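Participant: Below is the structure I would like to discuss, written out as structure tokens.
The values are calculated or read from the model by the stated rules, or taken from the named source; none is laboratory data. What you see is a predicted model, and the numbers here were worked out from it, not measured in a lab. When we count neighbours, we look across all protein chains shown, and the Cβ atoms used for this are built from the backbone with ideal geometry, even at glycine. When the accessible area is computed, the model is the full protein with side chains, heavy atoms only, and any ligands, DNA or RNA have been set aside. Shrake-Rupley method; radii C 1.70, N 1.55, O 1.52, S 1.80 Å.
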Amino acid sequence: MSPSKTPAEILTVAGKEVRISSPDKVLFPGPGLTKLDLVQYYLAVADGALRGAGGRPMVLKRFPKGIDAEPFFQKRVPENHPDFIDTATLRYASGTSAEEAVIRDAAGLAWVVNLGCLDLNPHPVRAEDLEHPDELRVDLDPMPGVDWSQIVDAAFVARDVLGDAGLVGWPKTSGSRGLHILVRIAPQWSYRDVRLAAETLAREVENRAPGLATARWWKEERGESVFVDFNQNAKDRTVASAYSVRPLPDARVSTPLTWEEVRTARPEQFTVLTVPQRFADIGDPHAGIDDATGALDGLLALAAELGPAEKPPRSGDGSGRRQSTMPLIEVARTRTKPEALAALDEWKSRHAGLVRALEPADVLVDGMRGSSSLWYRVRVNLQHIPEAERPAQEELIADYDPWAGREWPGRPAS
């Protein structure tokens with residue numbers, strides 16, 4: 001007979017009742033953090049978390065079984081949401097729309113955590129103006145083989161570029177391996193303009209620090225550098241906001257920093273167990289971010305000066321697909337990351353004689369967004385293998401189809 005569930009706990013937060021189901025469910029087995037622990041964490045840093053995510057429509061990234069199971073993405077707000085949760089209807093380029101949740105207070109934070117959300121994933125717009133972002137997001141994403149000092153150096157180059165354009169950047173750890181720099185802007189530019197401004201910043205960072213940072217969108221072309229991910233400013237993208245808890249074994253937190261801290265801080269310092277005391281001691285380093293609103297005129301003028309970015313060649317088979325300039329082979333497509341890593345290990349065992357020649361950045365394991373969850377693609381860049389020794393494309397070790405059984409216009413169900 002299975003044990004009965006722990007009774008729900010009712011919290012009163014800012015005068016509102018929030019029901020926390022299964023409060024002792026363990027979400028992080030390593031530190032033993034429960035769902036209620038996560039709720040209490042977010043309440044302790046609520047002022048900072050709401051500065052990053054409050055008033056913005058958000059995608060709900062839900063981990064109902066904790067970090068040891070794959071999450072699923074839920075754009076549409078649950079129908080039975082409480083009246084203290086606002087909503088906003090976003091319309092996407094694909095023609096679809098979704099009524100998404102908008103939280104505005106600490107009770108909203110507790111409510112999304114009860115749904116199994118660990119990190120907060122808001123859009124860069126306010127619910128009152130869905131077509132004009134008020135935040136430009138600089139995501140410094142290190143390739144394999146890149147160490148923290150290189151990420152930090154790239155961050156200071158990005159700060160200089162922003163400063164030359166009359167903008168103020170506010171750094172935070174991503175909660176994983178990289179750094180984010182947030183920039184408040186007046187909500188008067190379109191998504192297209194904001195993305196162009198972000199791409200221009202990325203190109204200028206690469207121009208100023210070649211080899212250190214790259215603006216190349218295609219992963220296999222980046223080498224061991226820091227990718228300045230401008231596409232996080234596209235309309236359908238979200239980024240884990242300040243004080244978000246990331247799904248890593250140590251319950252790491254995406255933590256705002258001062259620029260003075262950037263060189264000495266390390267991502268692993270900031271966890272659910274350490275950040276509340278830091279917040280109590282020093283407050284939120286991003287407390288002034290809303291008073292530092294800037295304009296994109298400088299970056300857009302630089303975009304005109306640099307001219308259009310180089311476009312990748314297209315395949316000659318009539319499909320219109322982009323053709324890689326690198327000798328890539330695909331190894332597997334899987335539902336989970338452990339399955340992807342297992343497939344990679346199998347490929348390496350089959351080709352043990354080649355593995356030594358591979359650089360860290362030659363192995364590409366990518367989380368890909370499916371209809372409601374991530375799936376994983378494994379590829380290998382053979383650029384460091386002599387051409388005569390390169391293996392041909394083989395049958396995939398695993399061939400997961402994230403769209404199997406789904407229908408949309410022009411695609412029959414499989």
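Participant: Let me know the shape class of the stretch 32-161, please: from the alpha-carbon gyration tensor, a ≥ b ≥ c as square roots of the eigenvalues, rounded when a/c is under 1.5, otherwise prolate if a/b is greater than b/c, or oblate.
Facilitator: It comes out oblate by the Cα gyration axes.
Participant: With a 1.4 Å probe and every protein chain left in place, work out the accessible area per residue of the stretch 1-72 in Å², rounded to a whole number.
Facilitator: 48 Å²
Participant: Treating only the Cβ atoms of Lys and Arg (+1) and Asp and Glu (-1) as charged, compute the dipole magnitude of the stretch 1-49 about its Cα centre; round to the nearest 20 debye.
Facilitator: With only Lys, Arg, Asp and Glu charged at Cβ, the dipole is about 180 debye.
Participant: Let me ask something else about it. Using the Karplus curve 6.51 cos²θ - 1.76 cosθ + 1.60 with θ = phi - 60°, work out ³J(HN,Hα) for each residue of the stretch 241-253 in order, rounded to whole Hz, and write x for Gly and Pro.
Facilitator: Each residue's phi maps through the Karplus curve to give 8, 4, 6, 5, 8, 9, x, 10, x, 8, 6, 6, 10 Hz.
Participant: At most 16 other Cβ atoms within 10 Å and a DSSP loop assignment: could you name the GluC sites (Glu not before Pro) in the stretch 102-203 that fit?
Facilitator: E128, E131
Participant: Using 0.36 nm per residue, how much length does the chain from E310 to Q188 gain when fully extended, once their Cα-Cα distance is taken away?
Facilitator: This chain segment gains 41.2 nm when fully extended.
Participant: A further question on this structure: Rounded to the nearest 20 debye, what is the charge dipole size of the chain about its Cα centre when +1 sits on each Lys and Arg Cβ and -1 on each Asp and Glu Cβ?
Facilitator: About 800 debye.
Participant: Counting each DSSP H run of 4 or more residues in the chain as -39500 (n - 2.57), what helix-only mean residue ellipticity at 222 nm follows after dividing by all residues, to the nearest 500 deg cm²/dmol?
Facilitator: After summing the helix terms and dividing by the residues of the chain, the value is -7500 deg cm²/dmol.
Participant: For the chain, set up a GNM with springs between Cα atoms under 10 Å and report which of N114, N80, N207 has the largest fluctuation.
Facilitator: In this elastic network of the chain, the residue with the biggest mean-square fluctuation among N114, N80, N207 is N80.
Participant: Starting from the stretch 1-95, pick out the GluC sites (Glu not before Pro) whose DSSP state is loop and whose Cβ has at most 16 other Cβ atoms within 10 Å.
Facilitator: Sparse-neighbourhood loop GluC sites (Glu not before Pro): E79.
Participant: Sort out for me the Cα centre separation of the stretch 332-392 from the stretch 261-295, rounded to whole Å.
Facilitator: Centre-to-centre distance over Cα atoms comes out at 36 Å.
Participant: Comparing S21, S324, S174, which has the greatest mean-square fluctuation in the GNM of the chain with Cα pairs linked when under 10 Å apart?
Facilitator: Comparing S21, S324, S174 in a Gaussian network model of the chain, the most mobile one is S324.
Participant: Share of antiparallel DSSP beta bridges in the chain, in percent to the nearest 5?
Facilitator: 90 percent
Participant: Which of V253, V262, V355 moves the most in a Gaussian network model of the chain with Cα springs under 10 Å?
Facilitator: In this elastic network of the chain, the residue with the biggest mean-square fluctuation among V253, V262, V355 is V355.
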